[in-house]
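> Please read through the structure below; I'll follow up with questions.
The values are calculated or read from the model by the stated rules, or taken from the named source; none is laboratory data. What you see is a predicted model; the values in this text were computed from it and never measured. Cβ placement follows ideal geometry from the backbone for every residue including glycine, while neighbour counts extend to all protein chains displayed.
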Amino acid sequence: MQISRQTVFLVVDDFEVMRKVTSTQLRALGAEQIVTANNGLEALQILRTQPIDVVLSDWYMPTMSGLELLKAIRSDAKLFNLPFLMITAEAERERVAQAITSGVSDLLVKPYTTERLKQRLEKAMNCRPRAMPTSAAETALLGSAPSQATSKAVAAKPVRPPTILIVDDTPDNLHLLSHLFKEEYQVRVANNGEKALAFCCSDDPPDLVLLDIMMPGMDGFEVAQKMREHPSAESIPVIFVTAMTEESARLKGLELGAVDFVTKPIDPAILKPRVRNFMRYVALRKQLQADFDSMLDTARLHEDVEHITRHDIKGPLAGVIGLIQGLAADESMSRSTMTEQLHLIEETAQQVLDMINLSSQLFKIESGSFVLDAKPVNIDDLLRRIVEISRASFTGKNLNVLVKTGIPSGAALPQAFGDSMLCYSLLQNLVKNACEAAPAESQISVTVHDEEPLQIVVENKGAVPEDIRERFFDKFVTKGKQGGSGLGTYSAKLLAEAQGGQITLDVSDKMDTTTITVHLPRASAG
């Protein structure tokens, strides 16, 4: 990611050293405009007096914590859209769930490297802000264990053995310790403090440091002190391995954050289980980021599904209203026509209820856990209902919406093999999208071709803008449509692929037309 020089970052941390280190990392990524604050309250005052593009905040701070700052930003209409990256060592799922439901853009778990900071900034700056609060059901889901699908995905990734950095100025000690651990872990060695610190503050820091104290130049105490001043190194466990036995040395080591103290000469039977115990802690810390990512992805999936559901029911509801208005205005309508229209209203209202129920299926589709129960679907019947509703919804545009079968008269109409509700929502989205994009008094045609797979072609006047064609079926892509959410075509693609089909776009600038073709499995005849 190339950070624009014009992007203004606000770094919030109560430790001056950490503010300086984070600012240095941002400059390494190309940032030039960096503002700092030492607590949430000071940050909020800055946000209300000068333009800021991205907030990077520590969690625990006096006066106002990072979580309180996040809530204040998301409850302020002028600040609501700000990307907010929370930097934390927090391990409690319930508290992290609070940050997610409060609208955090992304979470970065300590320790982190410049490369990981870059990746998290990219995610935070590209995601839509999430409103607070979310539903109680979603909050409960966030506090639960990661989904089985997510756990499998995490487990499927190749896992690199943990890394131990052994620091000692004596070659024999380096050889002994590296030989002791090389079968279980990746082992790095450093014969002085400067090299050790460079390893720890790099973009690939070790998971545990076995650190000698008495070394020429930079001793072990100084190495540990400087490690605590860098985000890549501040949370790395340190075990001091030393000939020093004084209690004052032990106390100083503990003050610098050492997790253990081992005296020389080294007893492998004691050292190996101690290292193994701390490596379990390391594994748990690494799993935190994956777990929190899973929680955040789950929250975003739920919100996206809610957006899609709300988007999809607008068309049928507008159609119901149009039909009712038509009935009320036409006093000459025959009883049979009125009965037919009332049946259509009833069917459409039921369709809206089914769409609301569809939200759980959409979540399963996006999370990869959907299982299709395919049955023959009467596509012609679905299309005629959708077209009738669309005519009523867009009566002000005076559109000519036609359904063509492309099948000889008297021949059996082909059926798709899928889910009726998914097919309805898919096609309703496409027809609604075409009606929105088409100019007034133009024609929209929906043609069914009896092929294998079945083809449904939706064509309308008005070419999709060139700059969004490659991303046309991506989430939130829209242009030139008043109130457009960018979810209609994304939802259509999702629903087509969930039924084993596919969807394609073809644009003719010469003819000024947009053609969307849906391929769905065809039900076997008879």
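> Taking interchain pairs and intrachain pairs at least six residues apart, which have beta carbon atoms under 8 angstrom, with the first residue in segment 173-197 and assigned to a helix (DSSP H, G or I) and the second polar (S, T, N, Q)?
From segment 173-197, the pairs are L174/N191.
> Give segment 5-47 a look and list any residue that's under 21 Å from I73 (Cβ atoms), outside any strand (DSSP E or B) and of a type in the set (G, A, S), or say none.
If the condition is that a residue be under 21 Å from I73 (Cβ atoms), outside any strand (DSSP E or B) and of a type in the set (G, A, S), then S23, A31, G40, A43 are the ones that fit.
> Hey, among A37, A31, which residue is within 16 Å of Q119 (Cα to Cα), hydrophobic (A, V, I, L, M, F, W, C), surrounded by 13 or more Cβ atoms within 10 Å (Cβ to Cβ) and touching a strand residue (DSSP E or B) at 6+ places or on another chain (Cβ under 7 Å)?
A31
> Within segment 12-28, track down each residue that is closer than 16 Å to R116 by Cβ and surrounded by 18 or more Cβ atoms within 10 Å (Cβ to Cβ).
Within segment 12-28, the subset closer than 16 Å to R116 by Cβ is 18, 21-22, 24-26, 28.
Correct list: M18, V21, T22, Q25, L26.
> On to the next question. Being among the hydrophobic types (A, V, I, L, M, F, W, C), crowded, with 16+ Cβ neighbours inside 10 Å and modelled with pLDDT of 90 or more: is that true of F417 here?
Details: among the hydrophobic types (A, V, I, L, M, F, W, C): yes; crowded, with 16+ Cβ neighbours inside 10 Å: yes; modelled with pLDDT of 90 or more: yes.
So F417 passes the test.
> Would you mind telling me which numbered condition in (1) closer than 23 Å to L296 by Cα; (2) of a type in the set (S, T, N, Q); (3) outside any loop (DSSP other than H, G, I, E, B) N81 fails?
(3)
> OK, next. Checking the conditions here, which among K71, K110, K78, K152 is modelled with pLDDT under 65, outside the structural domain of L208 (by TED's automatic domain parsing) and over 24 Å from D474 (Cβ atoms)?
The unique qualifying residue is K152.
> Just to check your reading of the model, which residue among P129, P133, P206 is at pLDDT 85 or above, within 30 Å of R95 (Cβ to Cβ) and either of a type in the set (K, R) or assigned to a loop (DSSP other than H, G, I, E, B) (or both)?
P206
> Suppose we filter D204, D212 for residues that are of a type in the set (D, E), buried (at least 21 other Cβ atoms within 10 Å of the Cβ) and at negative phi; which single one remains?
D212
> Let me ask something additional. Take segment 493-526 and flag every residue that is of a type in the set (S, T, Y), over 11 Å from V464 (Cβ atoms) and in contact with a Leu (Cβ under 9 Å, 6 or more places away or on another chain).
Residue satisfying the conditions is T517 alone.
> I've got another one for you. Between L56, L44, which is within 26 Å of D291 (Cα to Cα), out of contact with any Cys (no Cβ under 6 Å at 6 or more places or on another chain), touching a residue at least 24 places away in the same chain (Cβ under 8 Å) and not assigned by TED's automatic domain parsing to the domain that holds E229?
Answer to the selection: L56.
> Considering only residues of segment 451-497 that are charged (D, E, K, R), surrounded by fewer than 17 Cβ atoms within 10 Å (Cβ to Cβ) and in a loop (DSSP other than H, G, I, E, B), which is modelled with the lowest pLDDT? Can you show your working first?
To start, the set of residues in segment 451-497 that are charged (D, E, K, R) comprises 451-452, 459, 461, 466-467, 469-471, 474-475, 479, 481, 493, 497.
Subsequent filtering for residues that are surrounded by fewer than 17 Cβ atoms within 10 Å (Cβ to Cβ) retains 451-452, 466-467, 469-471, 474, 479, 481, 497.
If we keep only those that are in a loop (DSSP other than H, G, I, E, B) as well, we get 451-452, 469-471, 474, 479, 481.
Numbers: E451: 87, E452: 88, R469: 90, E470: 89, R471: 87, D474: 84, K479: 65, K481: 57.
Only one residue fits best here, namely K481.
> Please go through segment 252-276 and pick out each residue that is in a helix (DSSP H, G or I) and loosely packed, with under 12 Cβ neighbours inside 10 Å. Working first, answer last.
Just the residues of segment 252-276 that are in a helix (DSSP H, G or I), to begin with: 252-255, 268-276.
Listed by number, the residues that qualify are E255, A269, I270, P273.
> Assuming D172 fulfils every condition listed in (1) in the same structural domain as W59 (by TED's automatic domain parsing); (2) modelled with pLDDT of 85 or more apart from one, which condition is it?
(1)
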